[in-house]
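What follows is a short report on a single structure.
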Amino acid sequence: MTRINTRASLIKHLANDRQLRRYGDIRDLLPGPDNPTPLVRVNRVTPPDLQLFLKLEWLNPFGSVKDRTAAHLLAGLVERGELADAQLVEASSGNTGIALAALAAHMGVQLTVTIPDGVPEEKKTLLRMLGAEVWETPDDLCPVDHPKDGAIALARSLVASDTGTRYVMADQYENYDNVRAHYETTGPEIWRQTNGHLQYFLAGLGTGGTITGAGRFLKEQDPTIRVIGIEPQAGHRIPGLRSFKEAKPPGILDWTLIDDVIQVDDDPAYDVTERLFREEGFIVGPSTGAVVHAASQLGAGGNEVAVGISADSGLKYMSYFAERLGDEGLPTV
Amino acid sequence: MTQTNEIGDIQVAEVLDTSGLLCPLPVYKAALVLKKLEPGDVLELTCTDPGSLEDIPALARQRRDVLLAVDDRGGVQKFWIEKGEGV
């Protein structure tokens, strides 16, 4: 009996120790300038004279760059008292929903995620495993005179309708806390990890939070840093990115910070993703392939350093990859 | 479940009341119910969002269902939608 009590008391006193990577709560793993995600150089897939570093956001506790966004969105809602007696709803292609679901569960808050058609099953299952309700939504849900972004429209209608439940939308597309997340964490981390020596910052265009927040921070440190956005084709299959030929640009996206937008189609994005797997062991999602492909188009070289956001892991897209592989890698008779 | 509606000549398999819900919620919920019905089954749908007068007929066209009747009175819209073949 005494021994058990002693052990319990020892365990109770084990404090967080980042050096030992010992944490008392999964949320203590959330990134920030004192706990940055790794920056790892791409060595084979890019031209030899390009120093491209990927910021491995899939090593965040809930698996993507959106951990930062979700933590800041929720903190903002709590600070403003908006979450009291409310359920949370968010439109997400998966990653923000996943991080919100994990964090909301800690707070005892129920989450509904409206998710566009065609998002991989892995993400939908992850959301349901985390206790979220998943409403799959076709883009053209409202057939007449409504925005094409069906998932966003559906989430907003839940908030505005008389459903008998009060819904609050985190709204990563319009909520400036999304930008603040990257201004306060992603940007300072990159600046510190590169010792201020970088010429390019690349991020996919989605909600605009990463490119606006981190881009603004980096340009404030050094206005010559070129901020590059990556945009997919219309009808693309790169979850997390948005083509503004078919979707409305988010309100938080600040175009004045973006020096160039590089268009990347599905094929090169998936080809490069495959090369990242096979030649370098980066198990990344297709948006990372798009970022690395775009970096290769910069014509950068010499002593120039580029940093690109690797938003999430390839494990969430195995069904997409399996479809693309077909019989490749299977024995032939 | 089979009911006879107030018009009296349409056999209704399912009733959905979306009063108070704004577009696209009525469209979303109607599509979910229609998905579960058998071809030939009729959904009686009640809406109060005036946008439904455009959205629900468009939904029926898009899904290749048949909009049998519409009743728009006093800010309440009723639709009777027959599920099409193979949708």
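When only residues in the range A:303-324 that are assigned to a loop (DSSP other than H, G, I, E, B) and surrounded by fewer than 19 Cβ atoms within 10 Å (Cβ to Cβ) count, which is nearest to the chain's Cα centre (by Cα)?
Here the answer is A:GLU304.
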Output the residue which, of all residues in the range A:201-227 that are open to solvent by 10 Å² or more (accessible area, probe 1.4 Å) and more than 19 Å from the chain's Cα centre (by Cα), is farthest from A:HIS182 (Cα to Cα). A:THR224
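To keep it simple, each residue is scored yes or no on (1) within 16 Å of the chain's Cα centre (by Cα); (2) modelled with pLDDT under 95.
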{"residue": "A:VAL168", "(1), (2)": "no, no"}
{"residue": "A:GLY229", "(1), (2)": "yes, no"}
{"residue": "A:PRO239", "(1), (2)": "yes, yes"}
{"residue": "A:ILE262", "(1), (2)": "no, no"}
Check on A:THR114, of a type outside the set (Lys, Arg), over 27 Å from A:GLY281 (Cα atoms) and open to solvent by less than 10 Å² (accessible area, probe 1.4 Å): yes
Scanning the range A:155-183 for residues that are at the interface with chain B (Cβ under 8 Å from one of its Cβ atoms) and part of a helix (DSSP H, G or I), the one surrounded by the most Cβ atoms within 10 Å (Cβ to Cβ) turns out to be A:SER157
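Quick test for you: out of A:GLY97, A:GLY118, pick the one residue that is under 30 Å from B:LYS35 (Cβ atoms) and either within 13 Å of the chain's Cα centre (by Cα) or in the same structural domain as A:ALA203 (by TED's automatic domain parsing) (or both). Don't jump to the end; show me each part of the working.
Details: A:GLY118 fails: either within 13 Å of the chain's Cα centre (by Cα) or in the same structural domain as A:ALA203 (by TED's automatic domain parsing) (or both).
Selected residue: A:GLY97, the only one of A:GLY97, A:GLY118 that is under 30 Å from B:LYS35 (Cβ atoms) and either within 13 Å of the chain's Cα centre (by Cα) or in the same structural domain as A:ALA203 (by TED's automatic domain parsing) (or both).
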Can you pull out every residue in the range A:192-221 that is touching a Leu at 6+ places or on another chain (Cβ under 8 Å), of a type outside the set (Gly, Ala, Ser) and free of Cβ contacts under 8 Å to residues at least 60 places away in the same chain? A:LEU205, A:ILE211, A:THR212, A:ARG216, A:LEU218, A:LYS219
Members of the range A:277-295 that are in a helix (DSSP H, G or I) and within 17 Å of A:GLY206 (Cβ to Cβ): A:PRO286, A:SER287, A:THR288, A:GLY289, A:ALA290, A:VAL291, A:VAL292, A:HIS293, A:ALA294
Test A:THR114 against the stated conditions and say whether it is touching a residue at least 12 places away in the same chain (Cβ under 8 Å), part of a loop (DSSP other than H, G, I, E, B) and touching a Phe, Trp or Tyr at 6+ places or on another chain (Cβ under 7 Å). no
Hey, among the residues in the range A:129-154 that are touching a strand residue (DSSP E or B) at 6+ places or on another chain (Cβ under 6 Å) and modelled with pLDDT of 95 or more, which one's least open to solvent (accessible area, probe 1.4 Å)? A:ALA132
Might you check whether a residue that is outside any helix (DSSP H, G or I), modelled with pLDDT of 95 or more and surrounded by 12 or more Cβ atoms within 10 Å (Cβ to Cβ) occurs anywhere in the range A:8-26? no
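The values are calculated or read from the model by the stated rules, or taken from the named source; none is laboratory data. Bear in mind the structure is a predicted one, so any value in this text is a computation, not a measurement. Neighbour counts run over all protein chains shown; Cβ positions are idealised from the backbone, glycine included. Quick note on the areas: whole protein, heavy atoms, side chains included, nothing else; ligands and nucleic acids left out. Shrake-Rupley method; radii C 1.70, N 1.55, O 1.52, S 1.80 Å.
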